[in-house]
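Following: one structure in structure tokens, then a few remarks.
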Amino acid sequence: MHITSILTPLALASLATAGPVQVAERQAQKLRIMPLGDSITEITCWRAFVWDQLAEAGYANQVQYVGSQNSNPQNCRPNTANWDMHHEGHSGWLAIDIANNYLTNWLRSTPADIVMFMLGTNDVFRGRSTNDIIAAYTKMVNIMRAANPKMKIIVDLVIPLGTGNNAAVQALNARIPAWAQGLNSTESPIVIADCYTGYKTSDLRDGVHPNLSGDRIIASRVGPLLLEYVRQSLGQ
């Protein structure tokens, strides 16, 4: 696990006047967190609200979100005005395709220490089997650990569907705990964020994507687990 160096006030002050190479080098000292997923990661606000939790805990200068995307499509307005918008959320993409074709290069381009992901909604919509989705999860974990043997992983239970085959979402979620337990390790732990229990279809804006209340539910389930990983990684 890459352990960040705490930036001093002097270092923070000098960051503003540093050149691009110096900025990149100093940012590389931070703990790197990848929000990975589909549109439920890309065009939502939960990652902004999770960043608020990081900032409120005093970690904003010691961590960074990483990913090839740097966007705020929903014009999210968290309490932290300068929140990090980097992510690896891709609307409409399948877990199967991400595992087979993309994740290796993403982690090579933007290395991570912690990955948090919710994937499977699009696979369900396109009729992919639970077995195939779980196999994709396994391949993703193997890719993550090949990139970083000490990767810490947060896997979200998929939020319910208000339209389409919610039974398939339930079937996938039912498999995730035993799957995670089977792959969990001391060096590279896997924890589950239960984003399904208590999540109502009224928390969806269109039957698929979270509305503001739904975003806050996801953040409330993911954020505490991420904070614990951050504390562990920083030795606190």
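Numbers below:
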item	result
All positions within the range 167-181 that are more than 18 Å from K200 (Cα to Cα), of a type outside the set (F, W, Y) and touching a helix residue (DSSP H, G or I) at 6+ places or on another chain (Cβ under 9 Å)	R175, I176, A180
Residues satisfying the stated conditions in the range 195-207, i.e. in a loop (DSSP other than H, G, I, E, B) and either over 15 Å from D156 (Cβ atoms) or out of contact with any Leu (no Cβ under 7 Å at 6 or more places or on another chain) (or both)	T197, G198, Y199, K200, R205, D206, G207
Which numbered condition Y196 fails, given (1) under 23 Å from Y65 (Cβ atoms); (2) free of Cβ contacts under 8 Å to residues at least 40 places away in the same chain	(1)
Scan of the range 157-190 for residues that are within 20 Å of I143 (Cβ to Cβ) and modelled with pLDDT under 95, ordered by number	none
The range 166-194: number of residues that are of a type in the set (A, V, I, L, M, F, W, C) and not in a helix (DSSP H, G or I)	4
Condition check for R77: under 30 Å from T121 (Cβ atoms), buried (at least 23 other Cβ atoms within 10 Å of the Cβ) and either more than 17 Å from the chain's Cα centre (by Cα) or at pLDDT 95 or above (or both)	no
Test: residue in the range 194-202 that is among the small types (G, A, S) and either surrounded by 18 or more Cβ atoms within 10 Å (Cβ to Cβ) or over 23 Å from V50 (Cβ atoms) (or both)	no
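The rows are residues; the columns are (1) of a type in the set (V, I, T); (2) surrounded by 15 or more Cβ atoms within 10 Å (Cβ to Cβ).
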{"residue": "L119", "(1), (2)": "no, yes"}
{"residue": "I143", "(1), (2)": "yes, yes"}
{"residue": "A178", "(1), (2)": "no, no"}
{"residue": "G182", "(1), (2)": "no, no"}
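Residue-by-condition table, conditions (1) among the aromatic types (F, W, Y); (2) more than 29 Å from N72 (Cα to Cα); (3) touching a strand residue (DSSP E or B) at 6+ places or on another chain (Cβ under 9 Å):
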site: W106; (1), (2), (3): yes, no, yes
site: A136; (1), (2), (3): no, no, no
site: N142; (1), (2), (3): no, yes, no
site: N165; (1), (2), (3): no, no, no
site: N173; (1), (2), (3): no, no, no
site: P177; (1), (2), (3): no, yes, yes
site: Q181; (1), (2), (3): no, yes, yes
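The values are calculated or read from the model by the stated rules, or taken from the named source; none is laboratory data. Everything numeric in this text was worked out from a predicted model, so none of it was measured. Neighbour counts are summed over all protein chains in view; Cβ atoms, including those assigned to glycine, are modelled from backbone coordinates with ideal geometry.
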